Structure formats: C-alpha cells, structure tokens
Amino acid sequence: MLSLGALISSSKGLKHLQITLTDTYPDEDFWTALKERASTLETLQLHINFGEAVWDETQICDLSAFEKLRSMEIFQVMLSPALEDSLPTSLEVLTISRCDEPCPAQIEQLLHSIKAGRLPELKEMNIAMDHRNVEFSAHLDERLLGLQSCFSEAGVRFQYGACVDYACATSD
C-alpha cells in the first residue's frame, strides 16, 4: 500500500489536494512530497478527524513557496504563530478551522501584513473558532466584528463562526 507521501509524489501535475487525517499525523515523507508540488498545487485542504488537535510543533506548515496556491483550508494548529510568514502571496481564499483563543491576535497580525501588501491576492478570509477551546463572549464577538470591519476596509471578505464537531456556522 502506498504511503500518503508516495501517493502525492506520484501525482506529478497535482493541482488540488484534500486530505482528512483520521488516525495519524503526516510524516516527513508527506511534507517532502507536498513541497515537491509547490509549483503546481492550487487548492489545499488539510483536516484532522481524530481526538484533540494537538500538533507536533516540528510539523508547522510553511507554504510560502507554493507559488500557485490560491485556496487553502487548514486547522490553526498546523500553521506557524507567525501566520503571515508561512502563507504564499498567491493566496486568494484562506480558511482556518479549529481556532483557539490566540487566533484573533494572529489574524490581527495577518491584517497588518495584508495592509502592507504582503498578500495582494487575498480576497476572502474565514475562521471557525473551536467551541471546545473557546468560550464565546461579548468581548470576543466585538473583537471579531472589529476585524471583519478592518478586513472589509482592506478589500477582504472576512467571515467567522464556531465549529461544533465538524459543522460550522459563520457570520456574513
């Protein structure tokens, strides 16, 4: 049976990849194979469908070299705390799922990068807070509404909401 890395490596012109990890984290072969597709991959969806989303910090996704990546859906734990440094400039749509308490601060940093021209193609930003790790409050809602307004001023559609297991509800 082919490993995930071998499967990705064998797909030379890979443009779209959607993976749901059900019982294990991707290994080094997976990341190496994925990086080999940096010049062709246009959409990427990485999900975790097991237990708590505890992530090995050595497996942070640096996708900045993915020159054709237009759309990405990924869990927050897979991204670097310096979010803006790990994203490709070609990105048009970014969806971050299972966000926890520090997420709004990361999103604010990303907003500064967008305003500085770091992600010139970004048109849509979606975040889904993890209901298990975040208690929604008036303060958090106010902060997210403020971000929504700031992103709108920067020309980026911003939606946020909460995930309950794998169903999400978002603002508009």
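The convex hull around the C-alpha trace of region 2-48, projected and averaged over every direction, spans 3.0 square nanometres.
Could you tally the net charge around residue 17, taking each other residue with its Cβ under 14 Å from the Cβ of residue 17, Lys/Arg +1 and Asp/Glu -1?
Values: positive: 12, 15, 35, 37, 68, 70; negative: 36, 42, 73.
Neighbour charge sum, excluding residue 17 itself: +3.
Applying 1/(1 + (r/R0)^6) with R0 = 25 Å to the Cβ-Cβ distance of residue 17 and residue 116, what FRET efficiency is obtained, to the nearest 0.05? Result of the calculation: an efficiency of 0.25. Fewest neighbouring Cβ atoms within 10 Å first, the residues 23, 85, 130 line up as 23, 85, 130. Taking 0.36 nm per residue of separation and subtracting the current Cα-Cα distance, fully stretching the chain between residue 82 and residue 64 would add 5.3 nm.
Based on other C-beta atoms within 10 Å, arrange 37, 98, 118, 70 from fewest to most. Each step should come with its number before you reach the end.
Numbers: 37 21, 98 25, 118 14, 70 18.
Lowest count first: 118, 70, 37, 98.
Every number in this text was worked out from the coordinates using simple rules, so none of it is lab data. Keep in mind that this is a model prediction, so the values were computed, not measured. We place every Cβ from the backbone using ideal geometry, glycine too, and count neighbours over all the protein chains shown.
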